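In what follows, a structure is listed as structure tokens, so that the remarks can point back to it.
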Amino acid sequence: MTITRNGVKITLTNEELSQAHDEFVINFMMNELMNNFHISDEKTARIIADNAYNIYCKGDGKTEYECIECAYYEYE
């Protein structure tokens with residue numbers, strides 16, 4: 001995939017693209033945890049979000065939000 005940033009074309013490898021996607025989803029999950037589940041500590045939100053992402057990657061048909069809920073209740 002090629003992106004343009006500040007007029008410069010940058011080609012991402014498949015591995016870089018995969019890492020960017022992982023980080024994007026985990027950041028979304030962190031924001032949901034901090035805003036909707038009232039997790040105020042960023043480090044804790046990251047731990048729960050990482051777990052939520054791992055649950056999501058299992059491919060059991062759960063939505064991202066359902067995985068956030070599952071990881072949050074496991075954390076409790």
What would the Debye formula give as log10 I(q)/I(0) at q = 0.16 Å⁻¹ for the alpha-carbon point model of the chain, no solvent? -0.62
Kindly report the accessible area of the chain per residue (heavy atoms of protein chains, probe 1.4 Å, no ligands, DNA or RNA), in Å². 71
At HIS38 and ASP50, where each label point lies 7 Å from the Cα along Cα→Cβ, what is the point-to-point distance in nanometres? 2.6
Under unit Cβ charges (Lys, Arg +1; Asp, Glu -1), what dipole magnitude, rounded to 20 debye, does the chain have relative to its Cα centre? 380
Run lengths n ≥ 4 of DSSP H only: what is the helix-derived mean residue ellipticity at 222 nm for the chain, with -39500 (n - 2.57) per run over all residues, to the nearest 500? -22500 deg cm²/dmol
List, in order, the whole-Hz ³J(HN,Hα) value for each residue of the range 60-72 obtained from phi through the Karplus relation with A = 6.51, B = -1.76, C = 1.60 and θ = phi - 60°; use x for Gly and Pro. 7, x, 6, 6, 4, 5, 4, 5, 4, 4, 4, 5, 5
Taking all protein chains in place and a 1.4 Å probe, what share, in percent, of the accessible surface of the chain do carbon and sulfur account for? 49
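The values are calculated or read from the model by the stated rules, or taken from the named source; none is laboratory data. Here the structure is a predicted model, which means the values were calculated and not measured. Don't worry about glycine lacking a Cβ; one is built from the backbone with ideal geometry, like all the others, and counts go over all protein chains shown. Remember, those area values only see protein heavy atoms, side chains included, never the ligands or the DNA or RNA. Shrake-Rupley method; radii C 1.70, N 1.55, O 1.52, S 1.80 Å.
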